[in-house]
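One structure below.
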Amino acid sequence: MLRRVAVPLISLIVVIGLVVGVLVVFGGDDAEPAVEVAEIPAGTTYVTLDAGFVEALGQLGLTPGTVGPAVIKNGSARFPITGGNVKYFTPGTEDPFVQGEINHNGSGLTLTAGDTEVALVDFVVDPGESVLTGDVRVNGELAKEDVELFFLDGRTLQPLRPIDDGAVLEGTTVTLKQGAAELLNETFGTDALAGGFTIGIAKIVVRTAVS
């Protein structure tokens with residue numbers, strides 16, 4: 001659920017590993033992960049939608065919606081975390097030193113104008129690359145797989161906040177990737193979208209067990 005987000009993400013990993021008993025391996029040798037979380041059990045990624053993004057959608061005649069268990073309510077989009085794994089290497093021993101993925105299978109975001117619906121689905125957060133990828137469907141048909149959809153800028157991150165059953169990582173700014181902007185422009189017949197456009201602020205809540 002991060003541009004150069006090593007410190008807060010690793011804090012999150014350690015909290016989850018110690019509290020949940022998820023498989024955590026500590027190492028000290030070069031090229032071996034200092035911390036490894038084999039499986040992230042559950043959680044939710046929230047994105048508080050930027051007012052400018054919502055306004056732009058209205059001006060373009062695009063209506064946002066959701067896929068599967070995702071929800072948009074009170075200006076926030078919510079996507080369940082379905083799994084993933086993360087490795088953290090001592091900085092200088094591996095590049096990138098944070099590796100893995102946070103999966104959001106079976107959910108996503110839709111944008112609709114007239115008879116055209118674009119669905120961005122099956123999000124994967126890659127903390128090492130500070131990017132969120134996903135598949136793109138147009139009117140139900142797969143248009144492109146593993147598209148880099150959003151850049152995750154960790155410079156706005158807040159300190160890690162532990163909670164009773166997990167931890168919260170909040171404050172990452174989510175912006176549109178240029179390739180995704182071009183794909184949406186082509187599909188909807190516009191040139192209004194561009195890379196770097198702010199979508200919102202993300203909050204990743206990792207739970208310690210599936211309820």
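Just name the residue that is surrounded by the fewest Cβ atoms within 10 Å (Cβ to Cβ) out of those in region 115-127 that are modelled with pLDDT of 95 or more and not acidic (D, E).
Ranking the qualifying residues of region 115-127, first place goes to T116.
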Does region 66-84 hold any residues that are surrounded by 15 or more Cβ atoms within 10 Å (Cβ to Cβ), within 18 Å of G200 (Cα to Cα) and small (G, A, S), and which are they? A70, A77
List pairs: first residue in region 64-92 and within 12 Å of T44 (Cα to Cα) and at pLDDT 90 or above, second residue charged (D, E, K, R) and in a loop (DSSP other than H, G, I, E, B) anywhere in the structure, Cβ distance under 9 angstrom, at least six positions apart or on different chains. G83/E39
Residue in region 127-166 that is nearest to N103 (Cα to Cα), counting only those that are out of contact with any strand residue (DSSP E or B) (no Cβ under 6 Å at 6 or more places or on another chain) and part of a strand (DSSP E or B): L142
Tally, over region 171-196, of residues that are closer than 13 Å to G52 by Cβ, within 16 Å of the chain's Cα centre (by Cα) and not small (G, A, S): 4
Checked region 181-211 for anything part of a loop (DSSP other than H, G, I, E, B), of a type outside the set (S, T, Y) and modelled with pLDDT under 90; matches are A209, V210
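Quick one: is V168 surrounded by 13 or more Cβ atoms within 10 Å (Cβ to Cβ), within 16 Å of the chain's Cα centre (by Cα), more than 18 Å from L49 (Cβ to Cβ) and at pLDDT 95 or above?
no
The values are calculated or read from the model by the stated rules, or taken from the named source; none is laboratory data. Remember, predicted model here, so these are calculated numbers, not experimental data. As a convention, Cβ positions derive from the backbone with ideal geometry for all residues, glycine included, and neighbour counts pool all protein chains shown.
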